[in-house]
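Notes to accompany the following structure.
Please treat every number below as a calculation from the coordinates, not as lab data. Everything numeric in this text was worked out from a predicted model, so none of it was measured. All Cβ positions, glycine included, derive from the backbone under ideal geometry; neighbour counts span all protein chains shown.
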Amino acid sequence: MKTETKNEIVKAITEFIEGADESNLERLDTVLHSAFRNVQYGFFEQTGVFTINRAKYIALVGEKKFGGVERTMDLLSLEVLPNIAMATVKLESVQLTFHSFISLVCEDGVWKVIENFPHVTLKS
């Protein structure tokens with residue numbers, strides 16, 4: 001993998017994470033693919049699988065139901081094929097730990113986040 005490609009992918013992941021952490025809807029609008037979805041098990045007190053599309057995800061960040069808290073990011077793994085990539089990322093805030101699988105696609109030379117699969121745990 002070219003270093004330039006890896007840097008572009010890491011930049012897109014960072015834009016996604018920091019955009020949510022800062023509740024910066026413009027950053028999210030730029031980095032999220034039009035077909036973006038967030039798939040998670042559990043939604044606050046509710047159990048089950050929840051699929052959240054791009055518009056709803058951005059709305060939840062705007063309403064401060066998602067994001068708004070600074071997290072550290074540790075990129076654990078990155079697999080890259082010509083136009084798709086999959087990252088495993090560990091994120092930590094003061095209260096929560098996230099283990100996320102983040103997938104990206106490259107269209108017209110631009111890497112965008114198309115899926116996020118977070119697993120969230122409360123720190124004890």
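Which loop-located chymotrypsin sites (Phe, Trp or Tyr not before Pro) does segment 10-84 contain, where loop means any DSSP state but H, G, I, E or B and the Cβ has at most 15 other Cβ atoms within 10 Å? When the chymotrypsin sites (Phe, Trp or Tyr not before Pro) of segment 10-84 are filtered for loop state and at most 15 Cβ neighbours within 10 Å, Phe44 remain. Extending 7 Å from the Cα toward the beta-carbon at both Lys2 and Phe117 defines two label points whose distance is 2.9 nm. Taking only alpha carbon atoms, the chain gives an Rg to Rh ratio of 0.95, where Rh is the Kirkwood radius.
Would you please name the trypsin sites (Lys or Arg not before Pro) within segment 56-120 that are DSSP coil residues with at most 11 other C-beta atoms within 10 Å of their C-beta?
Working: sites: Lys56, Lys64, Lys65, Arg71, Lys90, Lys112; in loops: Lys64, Lys65, Arg71.
Qualifying residues, ordered by number: Lys64, Lys65.
Restricting to Cα pairs below 8 Å that are 6+ residues apart, what does the relative contact order work out to for segment 3-122? Please round to a whole percent.
Values: 226 pairs, mean separation 29.2, N = 120.
Answer for segment 3-122 is 24 percent.
With a simple spin-label model that places each label point 7 Å from the Cα along the Cα-to-Cβ direction, the separation between Ser93 and Lys64 comes to 1.2 nm. Qualifying GluC sites (Glu not before Pro) in segment 1-45, where qualification requires a DSSP coil assignment and no more than 13 other C-beta atoms within 10 Å, comprise Glu45.
Between Thr30 and Glu45, residue separation times 0.36 nm minus the direct Cα-Cα distance comes to 2.4 nm. Angle of helix 3-21 to the longest C-alpha principal axis of the chain, folded into 0 to 90 degrees and rounded to 10: 20°.
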